[in-house]
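Presented below is the structure to which this report refers.
Quick note: the coordinates plus some simple rules give every number you see, no bench work behind them. Note that the structure is predicted; figures quoted are calculated from it, not measured. Glycine also receives a Cβ, built like all others from the backbone with ideal geometry; neighbour counts cover every protein chain displayed.
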Amino acid sequence: MAGVMAMLALVNGQAFADTPKAYDGMPAGDQDYAAFVELWDDYFFWLDPKNAGKEKSLVDVAGLETDVYPDYSAQAIATRLQALGDFQQQLGDFAVADWPLDQQAEFLAVRAKMDEEEFTLRVSKPWSRDPGFYVDRMLRLTFTELPVSGEALAEFERLLDAIPGLVAQGKNNLTEVAADYADLAIFNLTNADGVGHGFPYRAAPPPGVIGWYDDLLGRARDRQPELVERIEMARAAVESFREWLVANRPSMNANAGVGKEAFDWYLKHVKLMPYTSDEIVTLGQRELDRLWAMYALERHRNRNIPEIEISQSAEEYQSRIDDTDSIIRQYLVDEDIITIPGYISFLSTNVPWIVREGGPNFWEQVQFRDPTPDHLHAVIPGHRFDAVLERRNPHPVRRHLTDGARVEGWAVYLEEAVMNAGLLDDKPRVRELIYLFGIFRAARMPADVWLQTNVMTADEVADYWIERVPYLDRDVARVDAEIYLRRPPGYGLGYTAGMLQMQSLLAERKRQLGDAFSLKDFHDEFMAAGRMPISLIHWEMTGNDKDVAALWSREPLPAN
């Protein structure tokens, strides 16, 4: 990493990363970078002990060991806020003004992660506002394959036995429930969408969370009947939670979005975005129009070429995936697009073969025709490739830093970028599918803002998308609206906003380097920087601080 960062420090022969620059609001303490790395290590362990690799036990929201499910009581939240404040206070102790640019960028990224946790604890508060926070935790254990034995059985029994306590905690903590959140939780408890997102795929999926408990019960009766009583008790608790939600739904009428002032603070201090929410709406609407125009022109260009037919069998679909993977990998190497390390081997795909009674959903309409758009985005050189590289990142700070807009922006950028570099010159109808993907990503951008600023409900956003995105079905639209409403704010807009940041970075590097510019080197340098916010990577790679200079003066989180 050190060698890579030194390489990133050169722009037109001028070294800037080793010439520190002070900004208003930048800490000027006396602690060195090694102490900063230690603070980040301690914070990451406090935030997520399991993924920090130091211990296996679960901890509650206050950082204390817990039996199965964390404690989200008011006292636990207060304890966690106090601990977070201690970490944040230490950030002022570092001599950041004396550090090289790459370390200054890491400081901003770490501070943003602490700000994200504060925002969750003070504003988002899913344990108090979102019944789905508990429903999600009720669901996952139902996917367990039976029979189970040994330690896996003991853990499964513990999870089952904890469901009544989880339900009781939810009923006690959910004091400011948003209407959209309540409706989505009630729907998900008894309805199937069939979209997936981590679910085992079924041609006829069980009807919601309670349906998955019934499915688990059926499998237990056949394969492990000694578990039936435990499963029935857990299911009864889940059913009681649904009944409680339905009974109390009339009083659950808060807004689901965080509001405009808080959202703009989040975009600046957590996402480190160079855009306000109003600017994101404008950019998203413009990008949606651009992609629709390109789609219209491409459709006209290809009007005399046969449409791509949907695969007719699992075997035909798998053959298309295999061919796509081979073509893309060879193209990336032959055309000097990006380095493919030798340890990159098989990378699975997102969309399995399934036959639905109502026909393919949006993702399947594209993927079953040609896997290229999602293969670029989610396989290679997109998400799965990106994740393998990140797992091998040895950097003490960056290996544990992941920004959603960096991850999704890179993946969306690849769809059109690799196409325009020449991959699909002989497959014009597949170019149309690239634009379809882009249209859906762009439509998310303003809608994500409208969800968080309470301009639209989840149902209204789904309607907005369905009117503007070819092939889009109600189930995919509803699931996407739920994901981007309930995930950390700004995730949905990060796809296209991140792509726009990628294009800005590409443009500036080409202008800086002129004929010396290499697309392969550009991509390799970008990947070597890790998964930090793109505004920080832009600063590192170009020396242009236009998107970061104003980030140093941290504004207080608005009162909610």
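Farthest toward the positive end of the dipole of region 446-560, out of Gln452, Ala507, Thr496, is the Cα of Ala507, where the dipole comes from beta carbon charges about the Cα centre. The local environment of Arg391, defined by Cβ-Cβ distances under 15 Å, has a net charge of +3 under the rule Lys, Arg +1 and Asp, Glu -1. The separation of region 77-104 from region 161-194, counted between C-alpha centres, amounts to 35 Å. The percentage of C-alpha pairs in region 411-560 whose separation is greater than 27 Å is 37%. Other residues within the sphere of radius under 14 Å centred on the Cβ of Gly514, judged by their own Cβ, net out at 0 (K and R +1, D and E -1).
For region 333-340, putting each phi into the Karplus relation 6.51 cos²θ - 1.76 cosθ + 1.60 with θ = phi - 60° gives couplings of 7, 4, 9, 6, 8, 6, 6, 10 Hz, in residue order, rounded to whole numbers and with x for Gly and Pro. Taking Cβ atoms as reference points and 12 Å as the exclusive limit, the residues near Ala95 contribute a net charge of -4, counting Lys and Arg as +1 and Asp and Glu as -1. The reciprocal of the average 1/r between distinct C-alpha atoms defines the Kirkwood hydrodynamic radius, which for region 120-173 equals 12.5 Å.
Computed from the Cα positions only, the extents of region 265-542 along the three principal axes stand at 49, 48, 34 Å, in decreasing order. Only DSSP H runs of four or more residues enter the estimate; each adds -39500 (n - 2.57), and after division by the residues of the chain the mean residue ellipticity at 222 nm equals -19000 deg cm²/dmol.
Relative to the globular-protein estimate of 2.2 N^0.38 Å, the Cα radius of gyration of region 132-251 stands at 1.06.
Scaling against 2.2 N^0.38 Å puts the C-alpha radius of gyration of region 310-392 at 1.17. Taking amide H as placed 1.01 Å from N in the peptide plane, the amide H of Gln31 sits under 5 Å from that of Phe94, Ala95, each at least 5 places away or on another chain. Pairs from the table (Lys21/Lys268; Lys271/Lys546; Lys271/Lys427; Lys125/Lys260; Lys113/Lys510) lying more than 25 angstrom apart at Cα are Lys271/Lys427; Lys113/Lys510.
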